[in-house]
1. Run down PRO141, PRO204 and say which single residue is in a loop (DSSP other than H, G, I, E, B), out of contact with any helix residue (DSSP H, G or I) (no Cβ under 7 Å at 6 or more places or on another chain) and surrounded by 18 or more Cβ atoms within 10 Å (Cβ to Cβ).
2. State whether one or more residues within the range 81-94 are part of a strand (DSSP E or B), at pLDDT 80 or above, touching a helix residue (DSSP H, G or I) at 6+ places or on another chain (Cβ under 7 Å) and over 30 Å from PRO17 (Cβ atoms).
3. Can you tell me which residue among ARG292, ARG247 is charged (D, E, K, R), modelled with pLDDT of 90 or more, closer than 19 Å to HIS2 by Cα and surrounded by 17 or more Cβ atoms within 10 Å (Cβ to Cβ)?
4. Determine whether the range 181-198 contains at least one residue that is part of a strand (DSSP E or B), in contact with a strand residue (DSSP E or B) (Cβ under 7 Å, 6 or more places away or on another chain) and at pLDDT 95 or above.
5. Any chance the range 50-58 includes a residue that's under 22 Å from LEU190 (Cα atoms), in a helix (DSSP H, G or I) and touching an Asp or Glu at 6+ places or on another chain (Cβ under 9 Å)?
6. For residues that are touching a Pro at 6+ places or on another chain (Cβ under 9 Å) and hydroxyl-bearing (Ser, Thr, Tyr), tally how many sit in the range 181-209.
7. Are there any pairs with C-beta distances below 8 angstrom linking a residue in the range 226-253 that is more than 18 Å from GLY271 (Cα to Cα) to a residue that is among the acidic types (Asp, Glu) and in a helix (DSSP H, G or I), with the two at least 6 apart or on different chains, and if so which?
Amino acid sequence: MHSRFYNEALFEVRLRPRTPLLIKAGGEGAAAMDPTVPDMSFVRLRRPDGDETVYVPGSSLRGVLRGHAERLVRSVRLQEACDPLAHGEGETGYGLKRACRFKDDVPGDAAYRRACYACRLFGATGLASRLRVGDLYPEGPVLRDTRYGVAIDRVTGAVAHGPFELEIVTEASFAGALVLRNFTLGQFGLLAAALLDVADGLVPLGYGKSRGLGRVDLEVTRLTVRTLQDPQAALVGVGALCDERTRQAFSLPAAERERLDVGAAAERERGFFVLEAAGPEARRWLEAAAPRWVEEIS
């Protein structure tokens, strides 16, 4: 299905820390060589002007979204979100389906049909993801601070390790984008549900979640949906845009179930029909679509 274009949703997002935030840099080599670097430093990249800046990797946000989406799916149908760490055939000890893994010779439609609902959206070995999450970069000044911690020996009650330093971000605004392509309305709704829970501070991000770190405000500043067919003031899933042969090959929902009226007229841009919403209107679209994943897997 990735060989053709049916629909695409672009989520432009802005993330702000609600509580101190720490996305740890990999390895501890920098802290060992430079005593001025905190033991646990925020991940950084070097800009074209030579300066370094902290940022939120797209993989960090994507991992949180996938983990929470899988949790939601398992709460409705246990077998529709596999255990990504379990190999082999059959079920795991917890009744979960083992990891979805497909060889290169498995056709795309067969891999899609056999994959669990979560892997159909986020991808698996041998099955490409429908979601791409970009890095989030600071829009302005970043306020950083240092927090100290220790590790306690559970037997003696004494300090086992530490004190160690944590570099945290207390005030910043990070902006980035997510792209969802060739989606069903249920997949759009599942991503919407995960984004809304992160936005409401229910799903923390980064290191130190049990220490109170990582709760954020996530705002969808602009939502843009593109299709090649006139959506007629509705969000339209791939099941309503493809032909019957493709619908059957990938076991997609029926066309009549793949529409969600949003009351917005589409505009023509470069041959596409484009629906746009910003701020509160974008959140209203997400809230309207969020229940659709439950209907789709039920």
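1. On the way: PRO141 fails: surrounded by 18 or more Cβ atoms within 10 Å (Cβ to Cβ).
Answer to the selection: PRO204.
2. Step one: of the range 81-94, the residues part of a strand (DSSP E or B) are 83, 91.
Okay, now just the ones that are also at pLDDT 80 or above, so 83.
After this cut, where a residue has to be touching a helix residue (DSSP H, G or I) at 6+ places or on another chain (Cβ under 7 Å) as well, the list is none.
There is no residue in the range 81-94 that is part of a strand (DSSP E or B), at pLDDT 80 or above, touching a helix residue (DSSP H, G or I) at 6+ places or on another chain (Cβ under 7 Å) and over 30 Å from PRO17 (Cβ atoms).
3. Numbers: ARG292 fails: closer than 19 Å to HIS2 by Cα.
Criteria check complete, one pass: ARG247.
4. Going through the range 181-198, the residues part of a strand (DSSP E or B) turn out to be 181.
Okay, now just the ones that are also in contact with a strand residue (DSSP E or B) (Cβ under 7 Å, 6 or more places away or on another chain), so 181.
Still in the running and at pLDDT 95 or above: 181.
Yes.
5. The answer is yes, given that some residue of the range 50-58 is under 22 Å from LEU190 (Cα atoms), in a helix (DSSP H, G or I) and touching an Asp or Glu at 6+ places or on another chain (Cβ under 9 Å).
6. 1
7. Correct list of pairs: ALA240/GLU256; ALA249/ASP109; PHE250/ASP109; PRO253/GLU296.
Results for (1) crowded, with 17+ Cβ neighbours inside 10 Å; (2) over 22 Å from the mean Cα position of the chain (by Cα); (3) closer than 28 Å to ASN7 by Cα, shown as yes or no for each residue.
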{"residue": "ASP109", "(1), (2), (3)": "no, yes, yes"}
{"residue": "CYS116", "(1), (2), (3)": "yes, no, yes"}
{"residue": "ARG130", "(1), (2), (3)": "yes, no, yes"}
{"residue": "TYR148", "(1), (2), (3)": "no, yes, no"}
{"residue": "GLY189", "(1), (2), (3)": "yes, no, yes"}
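The values are calculated or read from the model by the stated rules, or taken from the named source; none is laboratory data. Everything numeric here is computed off the predicted structure, so don't read it as measured data. Neighbour counts run over all protein chains shown; Cβ positions are idealised from the backbone, glycine included.
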